[in-house]
Amino acid sequence: MSSLTPEAFFDLSRFAHREVFSGISRVWEALERIRSYLEEVLEGNPRQWPIAYKQPLPETVVIHGDRCLGEGLQIVGGNVKKGQHRVLFRSEELPDAVVLHAGCVLWGPDISFGPGTVVEPGALVKGPTLVGACTEIRQGAYLRGGCIVGDRCVVGHATEMKNSILLDGAQAGHFAYIGDSVLGNDVNLGAGTKLANLKMKRASVRLRIEGEPVDTGMRKLGAILGDGTETGCNSVTNPGALLGKGCLVFPNTAVAPGCYEPRTVIGSLAR
């Protein structure tokens, strides 16, 4: 790919946090901005919810606007991404309610959830973290901080995420590791996908792009997955794998570092 700008990998026109990508010429530079961006947008924003941090919630908390709701609640299951998860309060439907299920853990107040988002029992979320609307944080998910998660996303069971960005519609549903990485719009990680971010040698991540060596200057750099890219089950990307829009990674494939053209098919299936 001749261009390494964020726009070469993602449609940012509707992403609420596109400012984190503004003005950079190399897409991975956004990763170094995440925490400063979160500090800015979360400043004064963390809500003083009547919950105890750093321990499992003893009971389910439903937040609507600035209110924590109690008696009279009814929670009806449904597809969170499609806005079908229903919350009723005294027979009134609240489509924008945030549901924090009993047993989840919030590791401090510097965390924000968008309307309609659900955090399941056993999930642990550390700040600073910002989660968009109608997103599902599933049982056993671990968000280690420095996380920006867009609208209609899934951070799934036994999935760990740190210093990373999920654009709208990105899904990591099962047993994934997302470290120092960016997932574009509607990216889907197959079960067991690992986005490795640390070289075994003590050196910054270096790439070869169009025959020329490029030193990213980053000790930790996972993967950049362009809009619509999909990975098969148990695939692994090595540090510094940059996949253009619409790429396909077959199951059990190790993706070498480097920059891949849009719609590249990586790996093969045994016949």
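See the values below:
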read-out: Cys134, sole failed condition from (1) buried (at least 22 other Cβ atoms within 10 Å of the Cβ); (2) touching a strand residue (DSSP E or B) at 6+ places or on another chain (Cβ under 8 Å); value: (2)
read-out: Residues (over 19 Å from Asn79 (Cβ atoms) and assigned to a loop (DSSP other than H, G, I, E, B)) located in the range 93-116; value: Ala102, Gly103, Cys104, Gly108, Pro109, Asp110
read-out: Residue check, Ile63 more than 19 Å from Val154 (Cβ to Cβ), hydrophobic (A, V, I, L, M, F, W, C), in a loop (DSSP other than H, G, I, E, B) and over 17 Å from the mean Cα position of the chain (by Cα); value: no
read-out: Residue that is farthest from Cys134 (Cα to Cα), among those in the range 155-167 that are crowded, with 24+ Cβ neighbours inside 10 Å and not polar (S, T, N, Q); value: Met161
read-out: Test: residue in the range 181-189 that is modelled with pLDDT under 95, part of a loop (DSSP other than H, G, I, E, B) and of a type in the set (A, V, I, L, M, F, W, C); value: no
read-out: Pairs where the first residue, in the range 134-151, is assigned to a loop (DSSP other than H, G, I, E, B) and the second is hydroxyl-bearing (Ser, Thr, Tyr), C-beta under 7 Å, 6+ apart; value: Cys134/Thr117; Thr135/Thr117; Ala141/Thr159; Gly145/Thr129; Asp151/Thr135
read-out: Pick from the range 174-194, criterion touching a Phe, Trp or Tyr at 6+ places or on another chain (Cβ under 6 Å) and of a type outside the set (Lys, Arg), ranking: farthest from Asn252 (Cα to Cα); value: Gly184
read-out: Odd one out for Leu88, checked against (1) in a loop (DSSP other than H, G, I, E, B); (2) out of contact with any Lys or Arg (no Cβ under 9 Å at 6 or more places or on another chain); (3) over 22 Å from Gly146 (Cα atoms); value: (1)
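The values are calculated or read from the model by the stated rules, or taken from the named source; none is laboratory data. Being a predicted model, the structure only gives us computed values, none of them experimental. Neighbour counts run over all protein chains shown; Cβ positions are idealised from the backbone, glycine included.
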